[in-house]
Ligand code: PSU
Ligand code: MN
């Protein structure tokens, strides 16, 4: 892709020149992941969290067919309010450009764009992964493949709870994506605190974690590294509650033939409803918490 066609904000451009810490953020959360107005509030709070911790936020998205790095308030409002925004992953990126879409970029397309222009840190809620039933549907998020194609540091709370966590965990390993815990020995379960899958290593402080990331850089490690950060304790939900809601949402999805890129947003919406917004609250909390950690890490890294 031609990088000169990417519209990078002035602040980010000059930050890059001066080797300042930058944290990229995705925008499918805004267009498809969260309801209005929480979507806009979370996007703005994540930006604030990155700034407060000493780094420059770089929200990535597509406005009128133009890839933008550093969405402003107006852009975020467009993606958060409009009913006909698109969800753009890596495969449909050319369509967004050609058809002049307003679109949220998934983790896959956001990290593709971020790594093209040299950003190292990226924060989000939970990554996409292997869906339940994937042995029949083959539905595996391209987030995983993109993570294995570039070498960014991804701060997240694991894979979204609606996925097959065990298969996702294995697929990460197959794709050479390291699963590093930040103050956790087990991979977080997104809305709940812990799965029973062990992380590859747990770093208990930022200095040691960053020293490890520097080692990776020195050794030109080729794949992205997941830095797994649990949802704050007060906003974590019990695993069995979450799994019950997911079961119900899955049945409804099947009955309504929801599949492909509609599936993730559908399941998240359903579970939010079933949980009377407990999951939404937890989702908001972990996204902002991850942005804050990414801000801190990036600041300390440079
Ligand atoms: N995290 C959320 N809600 C979301 C997503 C992440 O809390 O909607 C988005 C991310 O942008 C992720 C995408 O990349 O869902 C994965 O979608 P799919 O399974 O279709 O690849
Ligand atoms: Mn999918």
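The values are calculated or read from the model by the stated rules, or taken from the named source; none is laboratory data. This structure is a prediction, so every number in the text was calculated from the model and none was measured. Quick reminder, even Gly has a Cβ in these numbers, built from the backbone with ideal geometry, and neighbours come from all protein chains shown.
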Quiz item: Are any of the residues in the stretch 182-199 in contact (Cβ under 8 Å) with a residue 24 or more places away in the chain, touching a strand residue (DSSP E or B) at 6+ places or on another chain (Cβ under 8 Å) and not in a loop (DSSP other than H, G, I, E, B)?
Solution: yes
Quiz item: Which one of these is part of a helix (DSSP H, G or I), touching a helix residue (DSSP H, G or I) at 6+ places or on another chain (Cβ under 7 Å) and crowded, with 18+ Cβ neighbours inside 10 Å: 293, 297?
Solution: 297
Self-check item: Only one of 261, 281 that is within 28 Å of residue 103 (Cβ to Cβ), more than 12 Å from ligand 1 (Cβ to nearest atom), under 17 Å from the mean Cα position of the chain (by Cα) and touching a residue at least 12 places away in the same chain (Cβ under 8 Å)
Solution: 281
Quiz prompt | Filter result (in contact with a strand residue (DSSP E or B) (Cβ under 7 Å, 6 or more places away or on another chain), assigned to a loop (DSSP other than H, G, I, E, B) and either at pLDDT below 95 or under 25 Å from residue 20 (Cα atoms) (or both)) within the stretch 60-117 | solution = 70, 71, 106, 117
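Table: residues versus (1) part of a helix (DSSP H, G or I); (2) within 16 Å of ligand 2 (Cβ to nearest atom); (3) in contact (Cβ under 8 Å) with a residue 60 or more places away in the chain; (4) touching a strand residue (DSSP E or B) at 6+ places or on another chain (Cβ under 7 Å).
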site	(1), (2), (3), (4)
244	yes, no, no, no
248	yes, no, no, no
269	yes, yes, yes, no
272	yes, no, yes, no
Exercise. State which residue is surrounded by the most Cβ atoms within 10 Å (Cβ to Cβ) when the search covers only the stretch 118-136 and only residues that are assigned to a strand (DSSP E or B) and within 15 Å of ligand 2 (Cβ to nearest atom).
Key: 127
Practice problem: Mind listing just one residue for me: the one in the stretch 107-117 that is touching a residue at least 40 places away in the same chain (Cβ under 8 Å) and surrounded by fewer than 21 Cβ atoms within 10 Å (Cβ to Cβ) and, of those, farthest from ligand 1 (Cβ to nearest atom)? | Solution: 117
Practice problem: Can you tell me which residue within the stretch 200-225, out of those that are in a loop (DSSP other than H, G, I, E, B) and in contact with a strand residue (DSSP E or B) (Cβ under 7 Å, 6 or more places away or on another chain), is surrounded by the most Cβ atoms within 10 Å (Cβ to Cβ)? | Solution: 224
Exercise. Kindly indicate whether residue 166 is within 15 Å of residue 290 (Cα to Cα) and either at pLDDT below 95 or more than 15 Å from the chain's Cα centre (by Cα) (or both).
Key: no
Self-check item: Count of residues meeting criterion [in contact with a strand residue (DSSP E or B) (Cβ under 7 Å, 6 or more places away or on another chain) and either more than 9 Å from ligand 1 (Cβ to nearest atom) or assigned to a helix (DSSP H, G or I) (or both)] in the stretch 137-156
Solution: 7
